[in-house]
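Colleague: Got a structure for you, questions after.
The values are calculated or read from the model by the stated rules, or taken from the named source; none is laboratory data. Just so it is clear, the model here is predicted, and its values are computed rather than measured. Please note: Cβ atoms are built from the backbone with ideal geometry, for glycine as well, and neighbour counts cover all protein chains shown. With ligands, DNA and RNA removed, areas are computed over all heavy atoms of the protein, side chains included. Shrake-Rupley method; radii C 1.70, N 1.55, O 1.52, S 1.80 Å.
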Amino acid sequence: MKTRILSTSEYDIALAGEIIARGGLVAFPTETVYGLGADALNDEAVKSIYTAKGRPSDNPLIVHIAEKNDIKTLVKEVTPKAQALIDKFFPAPLTIILPKSEKVGDVVSGGLDTVAVRMPENETARALIKAAGCPIAAPSANTSGLPSPTKAKYVIDDMSGKIDAIIDGGDCAFGVESTVITLATEIPTILRPGAVTKEMLEAVIGEVDVAKAVLEGMQNDEVAASPGMKYKHYAPKAKIIIVNADKDGYEKFVNTKKDCFALCFEDDNVTISKVTFGRENDDLSQAKELFDALRKLDEMGAKKVYARIPHTTGVGMAVYNRLIRAAAFSIIDLTKPFFIGLTGPSGAGKGYVCEYLAKLGFHIINSDEVVKKIYENNLPLLRRLADIFGNDIIKDGTLDRNRLGEIVFNDNEKLKQLNSIIHPEVIAQCEQLAKPLSVLDAPQLFEAKAQNKCNVIITVMADKELRAKRITERDGISYEKAMERINAQLSEKYYIDHADYIIYNNGEDIKTQIDKILEEIL
Ligand code: TXA
Ligand code: MG
């Protein structure tokens, strides 16, 4: 099929309208992104949209209208809240979901009993709908999974040869797709954030929820409120990692990197190859340029990209929502005190891992040493412990750690009590020692609930027998005692289930395993 490139002239719009009325496909500009349109009431035409995009058929399309009143025949009822939104915003980058009328087929609604309706602000878009004489079903005009097109050239890249025509209407004003809000739920809920913000909607209809998946993504067993939420989206070929840091922290981090790109704001002082998306604290400029930037990164052959983090409120929520999907939810959080939390059962060999990480320049914080210091010369603490565990835990004015150990290791309640006193203190002191790229070496990382303070959790693991043997040799205790100690710790499964990465130390090469992990997280 030869795809015609049309202008926004009256003549070309009339021609495009005819193509749609005949059941053809036309890509057209809107104020958000380019849409790929077909007659919304013609099932065969709508089916060809799914084919051209390679889109899963259970992901419904938005029906575009030219006049406010055109929504009436598409939905069961225009509820008072829907009417209020229409009156206030339409035409706008806003899509409203309501229970659908019989007129709307199952293909366009992806088999759901609701329909999404939007009246675009863009004049060409509305002129086209009028020329076609029917509502126009239109998803974004990209190949499914790629960033939405904000310029005609990207539509040409994705759709040439697959559709009848493309109207070139220049760059899209907003650059991210419309806000999608469902009014089919008890509390109106934003399924996709856009330029019409939660605050703007709430000012008109009161309480508005934001679907959890908007900022956090979907858990595997969750049912999507909007089918679009569950599909991989906006994914460029490059691996994107969002860096949560301020301007200074981001620049310092990214300027040490090699062979990768920065996806940053205009004024960022970045010495590696970069592509920018708008200005800091200017959410609208970021929205406008994000998809363009993602496509540029692919054109430049970027493999790995560190992105600055947008705001998560206002229009920033729309930018963050798209970027976090493009990044497949990978974030490095430099605002967390510890870059790596290193844990594992006794005898697994955390020491070797720490030694190697230290050689690579990481700053190691040894929680055992911090614990020892906490007990030293800390009379108020010792008195507090003596009140609970008995005076014989103090010998010559210092803590008798063996005695305290005997008491707590045979009594779970007492152990918990001790931990609840010591752990918060240890974590606070470790935090004070933290520097950029710190590793928290903590056998009791999980017990102390310190995992949330770390970017990534690495567990070092070895077979039980081997651990017992190592403990026996290292601490000069019997095999039985070593096993007792092992059995009093968290289970192997717990350590493994709660870690992002596991390093096995039964004779495997530790360095290679660490190098591989660091390559992934850095
Ligand atoms: O700005 C926009 O909305 C652009 C322009 C072309 O208008 N269109 C657009 O369409 O972004 P699309 O198909 O790429 O995204 C529509 C989103 C999808 O995530 C889809 O799952 C959701 O809206 N959606 C559509 N109908 C729905 C329904 N009945 N219930 C829940 N979600 C729905
Ligand atoms: Mg889309």
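Colleague: Specify the inter-centroid distance of the range 167-201 and the range 26-54, based on alpha-carbon positions, in whole Å.
Modeller: Answer, in whole Å: 18.
Colleague: Work out how much length Ile521 to Glu202 would gain on full extension: take 0.36 nm times their residue separation and subtract the Cα-Cα distance, in nm to one decimal.
Modeller: 110.9 nm
Colleague: For the range 285-429, what percent of Cα pairs sit more than 18 Å apart?
Modeller: Value for the range 285-429 (Cα pairs over 18 Å): 72 percent.
Colleague: Per residue, what volume in Å³ does the Cα convex hull of the range 408-505 take up?
Modeller: 121
Colleague: Using the basic label-point model (7 angstrom from Cα toward the beta carbon), what is the Asp58 to Ile187 distance in nanometres?
Modeller: The modelled label-to-label distance comes out at 2.7 nm.
Colleague: Ok, one more. Normalised by the residues of the range 408-506, what does the relative contact order come to in percent, with Cα pairs under 8 Å and at least six apart?
Modeller: Value for the range 408-506: 31 percent.
Colleague: Search the structure for amide H atoms under 5 Å from the amide H of Ala116, placed 1.01 Å from N in the peptide plane, and list their residues when 5 or more places away or on another chain.
Modeller: Val63
Colleague: 7 Å from Cα along Cα→Cβ at both Lys257 and Asp157: what's the point-to-point distance in nm?
Modeller: 2.0
Colleague: Also, I was wondering about something else. Roughly speaking, what % of Cα-Cα pairs in the range 299-380 are separated by over 20 Å, rounded to a whole number?
Modeller: Taking all Cα-Cα pairs of the range 299-380, the fraction more than 20 Å apart is 61 percent.
Colleague: For the range 346-471, what value does the Rg/Rh ratio take when both radii are computed over Cα atoms and Rh is the Kirkwood radius, given to two decimals?
Modeller: Taking Rh as the inverse mean 1/r over Cα pairs, Rg/Rh reads 0.99.
Colleague: Further question on the same structure: Among Ile514, Asn69, Leu490, which residue has its Cα positioned farthest towards the positive end of the charge dipole of the chain, with +1 placed on the Cβ of Lys and Arg, -1 on the Cβ of Asp and Glu, and the dipole taken about the Cα centre?
Modeller: Among Ile514, Asn69, Leu490, the one farthest towards the positive end of the dipole of the chain is Ile514.
Colleague: Place a point 7 Å from the Cα of Tyr494 along the Cα-to-Cβ direction; which residues of the range 370-412 have their backbone N under 19 Å from it?
Modeller: 405-412
Colleague: Taking only protein heavy atoms and a 1.4 Å probe, what accessible area per residue, in Å², does the chain have with all protein chains in place?
Modeller: 46
Colleague: Would you calculate, for the chain, the mean residue ellipticity at 222 nm contributed by helices, counting each DSSP H stretch of 4 or more residues as -39,500 (n - 2.57) and dividing by all residues, to the nearest 500?
Modeller: Calculated at 222 nm, the ellipticity per residue is -11500 deg cm²/dmol.
Colleague: On the protein heavy atoms, probe 1.4 angstrom, tell me the percent of accessible surface of the chain carried by carbon and sulfur.
Modeller: 49
Colleague: Suppose every K and R has +1 on its Cβ and every D and E has -1 on its Cβ; what is the size of the dipole of the chain about the Cα centre, in Debye to the nearest 20?
Modeller: Here the chain has a charge dipole of around 640 debye.
Colleague: When ranked by the protection proxy of mean other Cβ atoms within 10 Å per residue, highest first, what sequence do the peptides 86-94, 304-312 form?
Modeller: Output ranking for 86-94, 304-312: 304-312, 86-94.
Colleague: What is the Rg over Rh value, at two decimals, for the range 209-319, using alpha-carbon atoms and the Kirkwood definition of Rh?
Modeller: Reported Rg/Rh, Kirkwood definition of Rh: 0.99.
Colleague: Farthest toward the dipole's positive end in the chain, which of Ala195, Gly133, Val408, given Cβ charges of +1 (Lys, Arg) and -1 (Asp, Glu) about the Cα centre?
Modeller: Ranked along the dipole, the leading option is Val408.
Colleague: Something else now. Residue by residue, what Karplus-based ³J(HN,Hα) values in Hz, rounded to whole numbers, does the range 310-318 have, using 6.51, -1.76 and 1.60 with θ = phi - 60° and x for Gly and Pro?
Modeller: Whole-Hz 3J(HN,Hα) from phi for the range 310-318: x, 5, 10, 10, x, 5, x, 4, 5.
Colleague: Under 5 Å between amide hydrogens, which residues at least 5 positions from Lys274 or on another chain qualify, with H placed 1.01 Å from N in the peptide plane?
Modeller: Residues meeting the criterion, in which the H sits 1.01 Å from N, are Ala262.
Colleague: If I model a spin label as a point 7 Å beyond the Cα along the Cα-Cβ vector, how far apart are those points for Lys237 and Ser478 in nm?
Modeller: With each label placed 7 Å out from Cα toward Cβ, I get 6.5 nm.
Colleague: Once you order the gyration tensor axes a ≥ b ≥ c over the Cα atoms, which shape class does the range 103-166 get: rounded for a/c under 1.5, otherwise prolate or oblate by comparing a/b with b/c?
Modeller: oblate
Colleague: About the Cα centre of the range 133-207, what is the dipole size in debye to 20, counting +1 per Lys and Arg Cβ and -1 per Asp and Glu Cβ, all else neutral?
Modeller: 180
Colleague: In the chain, if the dipole is taken from +1 on Lys/Arg beta carbons and -1 on Asp/Glu beta carbons about the Cα centre, which of Asn377, Asn281, Asn122 is farthest to the positive end?
Modeller: Asn377
Colleague: Here's a follow-up. When all alpha-carbon pairs of the range 226-279 are counted, what percent fall beyond 19 Å?
Modeller: Cα-Cα pairs of the range 226-279 separated by over 19 Å account for 35 percent.
Colleague: To continue, here is another question. Treating only the Cβ of Lys, Arg, Asp and Glu as charged (+1, +1, -1, -1), what charge dipole size does the range 1-142 show about its Cα centre? Round to the nearest 20 debye.
Modeller: 140
Colleague: Enumerate the calculated ³J(HN,Hα) couplings along the range 350-367 in order (Karplus 6.51 cos²θ - 1.76 cosθ + 1.60, θ = phi - 60°), each rounded to whole Hz, writing x wherever the residue is Gly or Pro.
Modeller: Karplus values, whole Hz, x for Gly and Pro: 4, x, 4, 5, 4, 4, 5, 4, 5, 4, 7, x, 6, 9, 8, 10, 8, 5.
Colleague: While we're here: Per 0.36 nm of contour for each residue apart, how much would the distance between Glu431 and Asp411 grow if the chain were fully extended, relative to their Cα-Cα spacing?
Modeller: 4.2 nm is the gain from fully extending Glu431 to Asp411.
Colleague: Kindly provide the Kirkwood hydrodynamic radius of the range 14-156 in Å, to one decimal, from all pairs of distinct alpha carbon atoms.
Modeller: 14.8
Colleague: Can I ask one more? Run through the DSSP bridge list for the chain and note the antiparallel percent, rounded to the nearest 5.
Modeller: The antiparallel fraction comes to roughly 30 percent.
Colleague: For the chain, max minus min Cα coordinate along each principal axis, in Å, sorted largest first?
Modeller: Result for the chain: principal-axis Cα extents of 97, 48, 40 Å.
Colleague: Over its Cα atoms, what ratio of radius of gyration to 2.2 N^0.38 Å does the range 337-412 give?
Modeller: The reported ratio for this selection is 1.41.
Colleague: Which cross-chain or sequence-distant (5 or more) residues have an amide H under 5 Å from the amide H of Ile364, H modelled 1.01 Å from N in plane?
Modeller: Amide H neighbours of Ile364: Val439.
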